[in-house]
1. Just to confirm the number: angle between the C-alpha axis of helix 143-172 and the first principal axis of the chain, 0 to 90 degrees, nearest 10?
2. Taking the Cα centre of each part, how many Å lie between the stretch 223-264 and the stretch 99-156?
3. What is the ratio of the Cα radius of gyration of the chain to 2.2 N^0.38 Å, where N is its residue count, to two decimals?
4. Under the Kirkwood approximation for Rh and a Cα-based Rg, what ratio Rg/Rh is obtained for the stretch 112-209?
5. Quick check for you: with a 1.4 Å probe and neighbouring chains kept, what is the accessible area per residue of the chain, in Å²?
6. Tell me, what % of the accessible area of the chain is carbon and sulfur with a 1.4 angstrom probe?
7. By how many nm would the segment from Arg136 to Val93 lengthen if fully extended, with 0.36 nm per residue of separation less the alpha-carbon distance?
8. Order the peptides 330-340, 50-60 from the highest to the lowest mean number of other Cβ atoms within 10 Å of their residues.
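The values are calculated or read from the model by the stated rules, or taken from the named source; none is laboratory data. On a predicted model such as this, the values are computed, not experimentally measured, just so you know. Virtual Cβ from ideal backbone geometry, glycine too; neighbours counted across all protein chains shown. Remember, those area values only see protein heavy atoms, side chains included, never the ligands or the DNA or RNA. Shrake-Rupley method; radii C 1.70, N 1.55, O 1.52, S 1.80 Å.
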Amino acid sequence: MLSALLPDLSPWRSSRDFRLLWVQGVVTYFGSFMAMIALPLQIKDLTGSPLAVGVMGAVELVPLVVFGLYGGALADSADRRKLILGTEAGLGVLAVVLLVNAMLPDPMLWPLYLVAAGVSALAGLQRPALDSLMARIVPHDQLTAAAALNALRYQLGAIAGPALAGLVVAYAGHATAYGVTVAGFAVSVVLCLRLAPAPAAHDAQKPSLRGIAEGARYAWSRPVLLGTYAIDLAAMFFAFPNTIFPFLADDLDAEWSLGLMYAAGSVGSLALSMTSGWTSRVRRHGLFVVFGAAAWGLAIAAAGWFSNVWLVLLCLAFAGAGDMLSGLGRSTIWNQTIPEELRGRLAGIEVLSYSVGPQLGQVRAGAMAGWTGTRASIWSGGVACVASVGLLAAVLPKLITYDASTDEDAMRRRAQQEALTKA
């Protein structure tokens, strides 16, 4: 029974590039989360305004949309290894900018927003290449296991980074946190240099609006894909309160808990990842998406309702487990059904579906907190999340009935990957 619950390590054993990306991700996520916590804290320290912190999401939104879509088209026409390497180096340069600004006698506010926009642009360019590469380097029947291992990689950084960031900022300052981020990107670039080339097909189209539109038409024609995008977008828009955690900690008179709040969701996700062996044997991944997103919303609503900080942290952990379950379903459906020639462009749309929601959610949470109060902003968003997930599941029933063993797109994608492997 224990072995059936433990994570499936097949992708780690079968793919050298998967191992490299896994280790690179642990290093990058740890450093990135240090900066992700230090940046809103620094804005809070400079302004004292929840709206000013929430505006960071608005600043990141346009670059994410534009470069996420372009990055998807670019991933279908360029060497994905070079694209990943170049953007990773660029992210390291932006971390240096944060470090230099933090070391000034009077740190400035505008570079923080500028860097936030730059990070969003580079992440939009990079993420489609990373996501589309996974379907090429991991066998079709190991994609759920790969998604679980990638989530575990993310969670290791997401737990350690925020948990330590609060302490580092409190006792060593913002500059030290940004210094750790710079070091992480330096190591990451070295690991990316060891990846095998991943060139585009010889007949690949150059990036264009027409190519992006082709990918969008394909997504629109697939109700299952639409369901994954729409549910994740709604869940994150209504129930992503991370940006107002500093104010929630103040409201609960538990400033010491801030790092734990940021880490709690990842603890729940980690618990599910560590017992994810059973997910490799499931074929109804649409159920993962719906039930996971609904559980996320319920737990966030409860976190906003309770006034005991330990109950709040427990709810955030349950929310993370729900989000992890939904994420496994989304990632598996995407990689199982999308054809190789559209993989990059659809990955660009995927970036928007799971990134635009949190960015808009930050703005919603910050604005509503200033209007109704921090806790009301959180619990009402959780309730709205559950309602929207239920409505979307009713409107898009094919997501509920998706079965990897009978879905035509999934079977076609399996045959395509087997042909590429033989070639």
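1. Relative to the chain, helix 143-172 is tipped by roughly 20 degrees.
2. Each part reduced to its Cα centre gives a spacing of 18 Å.
3. That works out to 0.93 for the chain.
4. We get a ratio of 1.04 for the stretch 112-209.
5. Accessible surface, normalised per residue, equals 41 Å².
6. 70 percent
7. Result for the pair: 12.6 nm of gain on full extension.
8. Peptide ranking by packing, descending: 330-340, 50-60.
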